[in-house]
Amino acid sequence: MGGLLKVLSCVLVATLIVVQILLATPYRSRLTNDELNGRLLKPYETLIYRGTITLGCLGEYQANSADILVNGAKHTTVGTFPVSINVCDGDVVEVKLKHGCKPFYVYLLSYKGSIKTDLVTSTILVDPGINRVLKVLVSNQQ
């Protein structure tokens, strides 16, 4: 059993070395061709765009009465605003306000990274229950 593991690890290391050498040669264009988009991939290119958004609050906010949901899963309970959230492209950000709490407004204070949002208004009213705030999109500016 130990000999088989040694052979398999040597094969994996050799495969890794061969692929890295092929990526350094002119064969790179054949290996990294992205026919779906009609272009060659850059030497370092990610397909997931990440960033950070910061949400602010207008109105009376009762501490620890709202949760931030990202894609329907609880991300954090908000003690005080502003709150920063790490997001990826395609994420949906929602605010869940406990029943019996006063409504308040949420606005996008800032965002960093290669992302943008689908916000069309400057503020979003947050009533008790789950309220959709924004969806994260990929920024066209690189």
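Here region 125-142 is the region considered, the condition is being over 17 Å from residue 85 (Cα atoms), aliphatic (A, V, I, L, M) and surrounded by fewer than 16 Cβ atoms within 10 Å (Cβ to Cβ), and the residue that is nearest to the chain's Cα centre (by Cα) is 130. Restricting attention to region 82-124, which residues are modelled with pLDDT under 90, buried (at least 17 other Cβ atoms within 10 Å of the Cβ) and in contact with a Phe, Trp or Tyr (Cβ under 8 Å, 6 or more places away or on another chain)? Selection gives 89, 115, 117. Of the residues screened, residue 69 is not one that is at pLDDT 90 or above and touching a Phe, Trp or Tyr at 6+ places or on another chain (Cβ under 6 Å). Is region 59-69 home to any residue that is out of contact with any helix residue (DSSP H, G or I) (no Cβ under 8 Å at 6 or more places or on another chain), surrounded by 14 or more Cβ atoms within 10 Å (Cβ to Cβ) and not in a strand (DSSP E or B)? Within region 59-69, one or more residues are out of contact with any helix residue (DSSP H, G or I) (no Cβ under 8 Å at 6 or more places or on another chain), surrounded by 14 or more Cβ atoms within 10 Å (Cβ to Cβ) and not in a strand (DSSP E or B). Residue under question is residue 9, and the condition is that it be at pLDDT below 80 and either surrounded by 10 or more Cβ atoms within 10 Å (Cβ to Cβ) or assigned by TED's automatic domain parsing to the domain that holds residue 95 (or both); does it hold? Spelling it out, it is not the case that residue 9 is at pLDDT below 80 and either surrounded by 10 or more Cβ atoms within 10 Å (Cβ to Cβ) or assigned by TED's automatic domain parsing to the domain that holds residue 95 (or both). In region 76-90, of all residues being in a strand (DSSP E or B) and β-branched (Val, Ile, Thr), the one that is farthest from residue 105 (Cα to Cα) corresponds to 87. Taken over region 106-134, residues that are without any contact (Cβ under 8 Å) to a residue 40 or more places away in the chain and over 16 Å from residue 52 (Cβ atoms) amount to 10.
For region 70-81, residues that are on the phi < 0 side of the Ramachandran plot and exposed (fewer than 13 other Cβ atoms within 10 Å of the Cβ) total 4. Name the one entry in 44, 27 that is modelled with pLDDT under 80 and surrounded by 10 or more Cβ atoms within 10 Å (Cβ to Cβ). Among 44, 27, only 27 is modelled with pLDDT under 80 and surrounded by 10 or more Cβ atoms within 10 Å (Cβ to Cβ).
Considering region 47-58, the residues that are under 20 Å from residue 128 (Cβ atoms) and buried (at least 17 other Cβ atoms within 10 Å of the Cβ) include one that is farthest from the chain's Cα centre (by Cα), namely 57.
The values are calculated or read from the model by the stated rules, or taken from the named source; none is laboratory data. Keep in mind it's a predicted model, so treat the numbers as computed, not measured. Note that we place each Cβ from the backbone using ideal geometry, even for glycine, and neighbour counts take in every protein chain shown.
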